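For reference, the structure discussed in these notes is given below.
The values are calculated or read from the model by the stated rules, or taken from the named source; none is laboratory data. Because the structure is predicted, anything quoted here is derived from the model rather than measured. Positions of Cβ are backbone-derived with ideal geometry, glycine not excepted, and every protein chain shown enters the neighbour counts. The area values use the complete protein model at the heavy-atom level, side chains included, leaving out ligands, DNA and RNA. Shrake-Rupley method; radii C 1.70, N 1.55, O 1.52, S 1.80 Å.
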Amino acid sequence: MASNKKVLVLPGDGIGPEVVGEVRRVVDWMDKRRHVTFDLSEGLVGGAAIDKHGIPLTDETMADAMHVDAVLFGSVGGPQWEKLDFGVQPERGLLRLRKEMQLYANLRPAMVFDALADASSLKKELVAGLDIMILRELTGGIYFGEPRGIETMPSGERRGFNTQSYTESEIERIARVGFELARKRSNRVMSVEKANVMESGVLWREVTQRIHDDEFPDVQLDHMYADNCAMQLVRQPKQFDVIVTDNLFGDILSDCAAMLTGSLGMLPSASLGAEDPTTGARKALYEPVHGSAPDIAGQGKANPIAEVLSFAMLLRYSFDMGEDANMVENAVANVLAAGFRTGDIAGPNDKVVSTTQMGDALLLELDKQSA
Ligand code: NAD
């Protein structure tokens, strides 16, 4: 019987295919041991697509992405494509996917596994057990607002300018995603803006409060200025559950939160689009936060955990398979507790394992959990 879980896999460049390869093994494991079958198709993106087709994403692959339930993305880019025109660089493939799938909600969890608490730049007790979610608005705000540009003023001096702008409906939809996420977690939302100095922030605060009062009164909502939030993230990060914020502040705060966890090789993300009015399903793309790591590509050194945790997010958010997502996340926690380390997360006395050995360890853990 054909599976109703259609996933398009776009491994991309550099370590992308290596880490996606380990997820494919988890998918095979789920097929055999949990009898959950995914309908996987694969496409080219980034440099790999440029080499074959001359562009970073073909219309066919874009159409495929629009017709599946979820896209699992690896990473794109590398030195061999850096000299190309800006409009055909590998990253444009990812930007096109985000734009056409209208992925407006970017979920960036920052979790610290106990076994890695020492890898954080903060004291262990501040981060051990940390589990927060930064929800960043991804398609609006100052990165897209018009007018924008660099102009020469009558004086001859040049002026660069951008526009921060949010409509009520843009704020409403991201706020709803935040409250829904909180309901599945610790039921707390911190809405972050700068209402003290920006009108867009005043509207953000007002609309978020209204959506809360009308639709999510059971969720705890607080408001915080973005500069304070940056301070609180490094002072007492465990005070947060879900942080909802705009594109610009989310860009900065999510990177700040990411570093609390110690390594790029551990960080998953999800980007969600609008709900289909009839099925309720959302367009979704899952990807690790890291790039294509050309310095270690092809050497079996990449940490596959960020990609594997992105797949766990796919299970949870696209297919409502929370139990299976927990299994995958527990397998990661147990493998780390057992001392398995790829180079990026290894201490001076740790034995370093390869990408595939980390995958082997994860599959053995999954076996143990399902025994
Ligand atoms: P990067 O994330 O690729 O690498 C930064 C450092 O972290 C490197 O030393 C790398 O070896 C290490 N690293 C990253 N992921 C790792 C993993 N899973 N396991 C072990 N070590 C890991 O960032 P960069 O070096 O700034 O960029 C390299 C290329 O990736 C560039 O072409 C850039 O444009 C592209 N990039 C793509 C994406 C994406 O596809 N979403 C994101 C960021 C960068």
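Placing unit charges on the Cβ atoms of the charged side chains and taking the dipole of the stretch 19-89 about its Cα centre, the candidate lying farthest along the positive direction among Val26, Ala48, Val88 is Val26.
Compute the length gained on full extension between Ser354 and Ser41: take 0.36 nm times their separation in residues and subtract their Cα-Cα distance, giving the result in nm to one decimal. All intermediate terms of the calculation are to be shown ahead of the outcome.
Numbers: separation 313, 0.36 × 313 = 112.68 nm, distance 2.62 nm.
110.1 nm is the gain from fully extending Ser354 to Ser41.
Using Cα springs under 10 Å in a Gaussian network model of the chain, which residue among Arg188, Arg210, Arg176 shows the largest mean-square fluctuation? Comparing Arg188, Arg210, Arg176 in the GNM, the peak value goes to Arg210.
Each label was represented as a point 7 Å from its Cα along the Cα-to-Cβ direction; for His67 and Arg34 these points are 2.7 nm apart. Pairs spanning more than 25 Å between alpha-carbon atoms, out of Lys184/Lys283; Lys5/Lys32; Lys5/Lys238; Lys6/Lys32; Lys99/Lys301: Lys5/Lys238; Lys99/Lys301. Taken along the Cα-to-beta-carbon direction at a fixed 7 Å, the label points for Arg148 and Glu172 span 2.5 nm. On a per residue basis, the stretch 122-203 carries 53 Å² of accessible surface, using protein heavy atoms and a 1.4 Å probe.
Ellipsoid semi-axes for the stretch 33-190, based on the Cα gyration tensor and the rule √(5λ), read 31, 27, 20 Å when sorted largest first. Counting only protein heavy atoms and using a 1.4 Å probe, what share of the accessible area of the chain belongs to carbon plus sulfur, as a whole percent? Whole-percent figure for carbon plus sulfur exposure: 51.
Surface exposure of the stretch 36-102, expressed per residue as accessible area with a 1.4 Å probe, stands at 52 Å².
For His53 and Gln220 in the same chain, what is the full-extension length gain: residue separation times 0.36 nm, less their Cα-Cα distance, in nm?
Values: separation 167, 0.36 × 167 = 60.12 nm, distance 4.99 nm.
Here the answer is 55.1 nm.
Rounded to the nearest 20 debye, the dipole size of the chain about its Cα centre is 520 debye, using +1 on the Cβ of Lys and Arg and -1 on the Cβ of Asp and Glu. With a Förster radius of 25 Å, plug the Cβ-Cβ distance of Ala281 and Asp255 into 1/(1 + (r/R0)^6) and report the FRET value to the nearest 0.05. With R0 = 25 Å, the Cβ-Cβ based efficiency is 0.25.
Pair-distance distribution of the chain: all C-alpha pairs, bin width 10 Å, starting at 0; shares per bin in whole percent are 5, 23, 32, 27, 11, 2, 0, 0. For the pair Met198 and Leu126, the difference between a 0.36 nm per residue extended length and the Cα-Cα distance amounts to 22.7 nm. Heavy atoms of the protein chains alone define the surface here; on that basis the stretch 220-371 has 40 Å² accessible area per residue at 1.4 Å probe size. With Cα atoms defining each centre, the stretch 261-316 and the stretch 180-256 are spaced 23 Å apart in the structure.
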